[in-house]
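S.K.: Below you will find the structure I want to go over with you.
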Amino acid sequence: MGKIEWAMWANEQALASGLILLAGGIVGVAGQFRGWEFAAYAVAAGVFVCLLEYPRSKRAKGTSVERSGQYCFTVCVKAFGPLTRNYYVRAFLHAAICVPGGFMLATVLGCVCLGIASLIYLAAAIRGEHWEPILPRKDVRKPVAESIKNPPQNPPPRPPPETRRKQAKDLEGAAYDNPSSVTDD
Amino acid sequence: WAQCMKFSQSQEKYLIYGKYKITLYLLDLFESLSWARAPAACLNFNCMLILLPVCRNLLSFLRGSIQFCSRTAARQLDRNLTFHKLVAYMIAFHTAVHIIAHLFNFEFFMDAQLNRNSSFLPFVLSEIGTDDNASFLNPIRSNETNPTIVMFTTIAGVTGVVITLALILIITSSMEVIRRSYFEVFWYTHHLFIIFFIGLVFHGYGRIVRGQTAGSQQTNKPHLCADRFEDWGKNESDCAVPEFAGNPPGTWKWVLGPMILYVCERLVRIYRSHQKVVITKVVMHPSKTLELQMRKKGFHMEVGQYVFIQCPSVSRHEWHPFTLTSAPEEDYFSAHIRIVGDWTQALYEACGGDKTETQEAWKLPKVAIDGPFGTASEDVFRYEVVMLVGAGIGVTPFASILKSVWYKRIQNNQEVFTKKIYFYWLCPETEAFEWFADLLQSLERQMAEKDVANFLSYNIYLTRWKETEAAHFRVHHEAENDPITGLKQKTLYGKPNWDNEFTNIASKHPGTKVGVFLCGPPQLGKSLEKQCLSHTEGDVKFIFNKENF
């Protein structure tokens, strides 16, 4: 399938799973279901997954579209260095997080969705993708070239004004011999 | 609004429907059952609707027939994708409500089994029918289980999980980011809808929601007998032990029709894809644009329509939409394809674009065409004065329109209602000019020959440029032909001053209806719409039409 970056889809799936896990957990806790401790865990896990997955990675090819307001999350996630950069870590992390969700009906859906996201991340990791932060580009002005520091000392070899005016109308007549040599001798 | 009405209607239905009164008691009078059944009814309705907007051929056919009756109705059919997405969001919302309500239901059903106290009505109700396993009420049959296990051992539970997963995967792969960049993922994952519909139909087969049988409602009337549950079945009381049965599945009645229509749609697409399409000419334009001129037996198009093109040698399952750039009067139809991704690049190579010598006709790849599908461009000819605004690649449908107007006016010598066209092309870069500039050049030449130079007035605006180019423009400002397009009409820089333009046109054409057509970004649409409204005064009316691709 061409140049798919699986991580993009895994990211969407994981973010959705985080939200579903969170919602299931809230229902479990609010309704005081049996096993509500798992629901409470799901709330915390859901929030964590959402925070981790909110900042989008920079794409290897093409333009990256950030989610609104993701800059602060990018900075936090970037601070963990290789733990968040590597997708193998993410895949196993999500697989581990999703397991306790399977013990309660309200959070089972979140658990399965996160499991699927973990599998897609595994596929991304096997293909060698990794997470890159999207940081605002600092416009680096091209360093001023050396020659600009030394402006030319002599004026360019322009012909006198009369000859210049002639140039516009008559190319042949405008030709003249340059007094100074223009080649590097 | 239709959704809300349906929702509340269903709720009412399940609250007052006698059959379910006792079921409600099982839930300790919590109304979560109606909260689950109401979205289920809405889901039936939405799942019926969602397949319809994507039956393009059916819509095209409908559009053709409706056009004779009402043009506004025809235009509604063009917003099919927006409608499809809206219905999809409603499905997601109702699914969420449905699931949450059932979570509560299962919890209460479980409670009813666990709280083994004979003065607890829900428990008493759960005990009914334990012997014959037929007339029971509580779907959870014992206290040694838990809701998760029950879910995975009932048809309704398993199908529910499977179809919700399918729905979630479909939604995450349909996010704009994924759809625009990795169309294949979106397209293949979207086919999970087949699993979705199959699961949906079988979701009710276990008849897990139970209500009191009609016969039992005579012998045990809930409003009389609910409090005297300890006396049920005893000789003195006139309350017999109630009997329950499950509900027959009803979803299939809603979705069977659309499913059949969709199957027909796919068959039509397959049939059309096998019809022979011949590529008569391939032109490589410098702006990384490939022009394919094709012929197909029985092909008939209108201005501004689009087709789906498939090239089996490039990809067996991908169909991509392209606007037709030829006029109906020509003996071929053409599409200009910009090379932006995998598929277009592969098509370019298959057509021999990277080779320098001309290709033999038989070496050209086989292509298949689905379409043409319509937009509202035909309206252009209904106005005496027309303003056409195209931004960047959005100019493509206008190529077809301009050519067609030209043919109608000159070659067929017909009296065309349209007397004057003002054409605005806004472009951020010069490269995309090339092929369209050719068209404008030839139109310009032909108009000069026939001495109708006033018919078409075009303005090209270059909205972005690099510093190096700017120097070139400055130097060649006095040249006779424009340095970029080679046209006599000079390219203008920056964005047009719409206020001035509208005022000019209004003053030149008093007492007419001016049609304004846009193909471009929404912000431009909004500002043009505002201009139309503000300049429509006195006898000049500006009517805004937006193309949507």
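S.K.: On average, how many beta carbons from a partner chain sit within 10 Å of the beta carbon of a residue in B:180-186?
M.R.: Mean inter-chain Cβ contacts per residue within 10 Å come to 5.
S.K.: I've got another one for you. Report the charge-dipole magnitude of the stretch B:249-401 in Debye, nearest 20, computed about the Cα centre from +1 at each Lys and Arg Cβ and -1 at each Asp and Glu Cβ.
M.R.: Working: 16 positive and 16 negative charges, 128 e Å.
It works out to roughly 620 debye.
S.K.: Next question, about the same structure. Measuring from label point to label point, each 7 Å out along Cα→Cβ, what is the A:ALA79 to B:ILE260 span in nm?
M.R.: 6.3
S.K.: I would also like to ask the following. Residue by residue, what Karplus-based ³J(HN,Hα) values in Hz, rounded to whole numbers, does the stretch A:63-68 have, using 6.51, -1.76 and 1.60 with θ = phi - 60° and x for Gly and Pro?
M.R.: With coefficients 6.51, -1.76 and 1.60, one gets 7, 9, 9, 7, 7, 5 Hz.
S.K.: From the mean inverse distance of alpha carbon pairs (Kirkwood) and the Cα radius of gyration, derive Rg over Rh for the stretch B:287-431.
M.R.: Working: Rg = 16.5 Å, Rh = 16.6 Å.
Ratio value, two decimals: 1.00.
S.K.: Fewest first, what order do A:TRP9, B:TRP498, B:TRP406, B:TRP187 take by the number of other Cβ atoms within 10 Å?
M.R.: Details: A:TRP9 26, B:TRP498 19, B:TRP406 23, B:TRP187 15.
Final ranking by Cβ density, sparse to dense: B:TRP187, B:TRP498, B:TRP406, A:TRP9.
S.K.: Another question, then. Within a 10 angstrom radius of each residue's Cβ in A:64-74, how many Cβ atoms of other chains show up on average? Whole number is fine. Spell out each step's value before the answer.
M.R.: Working: counts 2, 4, 0, 1, 0, 0, 0, 0, 0, 0, 0.
Other-chain Cβ atoms within 10 Å of each residue's Cβ, averaged: 1.
S.K.: Quickly work out the B:ASN143-to-B:LEU533 label distance, labels modelled 7 Å from Cα along the C-beta direction, and quote it in nm with one decimal.
M.R.: 6.7
S.K.: Enter the mean number of other protein chain beta carbons within 10 Å of the beta carbon of each residue in B:146-152, as an integer.
M.R.: Working: counts 5, 7, 8, 1, 1, 2, 2.
Across B:146-152, the average partner-chain Cβ count within 10 Å equals 4.
S.K.: Could you calculate the FRET efficiency of B:TYR271 with B:ARG338 from 1/(1 + (r/R0)^6), where r is the beta carbon distance between them and R0 is 22 Å, rounded to 0.05?
M.R.: Once rounded, the FRET efficiency stands at 0.15.
S.K.: What is the order of B:THR463, A:THR84, B:THR172, fewest Cβ neighbours within 10 Å to most? Can you show the working numbers first?
M.R.: Details: B:THR463 15, A:THR84 20, B:THR172 24.
Ordered from fewest to most neighbouring Cβ atoms within 10 Å, B:THR463, A:THR84, B:THR172 come out as B:THR463, A:THR84, B:THR172.
S.K.: Continuing with this model, one more query. May I ask you to compute the full-extension gain from B:SER507 to B:ASN80, defined as 0.36 nm times their residue separation minus their alpha-carbon distance, rounded to one decimal in nm?
M.R.: Gain in length upon complete extension: 149.9 nm.
S.K.: For B:LEU256, A:LEU122, A:LEU21, B:LEU528, which order do you get if you count the other beta carbons within 10 Å of each Cβ and list the fewest first?
M.R.: Fewest-to-most ranking of B:LEU256, A:LEU122, A:LEU21, B:LEU528: B:LEU256, A:LEU122, B:LEU528, A:LEU21.
S.K.: How many nm separate the modelled label positions at B:PHE381 and B:HIS317, each set 7 Å beyond the Cα in the direction of the Cβ?
M.R.: Each label point lies 7 Å from its Cα, and together they span 4.0 nm.
S.K.: Longer than 18 Å from Cα to Cα, which of B:LYS276/B:LYS297; B:LYS403/B:LYS450; B:LYS297/B:LYS363 are they? Say none if no pair is.
M.R.: Beyond 18 Å between Cα atoms: B:LYS297/B:LYS363.
S.K.: How big is the charge dipole of the stretch A:62-134 about its Cα centre, in debye rounded to the nearest 20, if each Lys and Arg gets +1 on its Cβ and each Asp and Glu gets -1 on its Cβ?
M.R.: I would put it at about 60 debye.
Laboratory data are not the source of any read-out in this text; all were calculated from the coordinates shown. From a predicted model like this one, the values you see are computed outputs, not experimental measurements. Cβ: placed from backbone, ideal geometry, glycine included. Neighbour counts: every protein chain shown.
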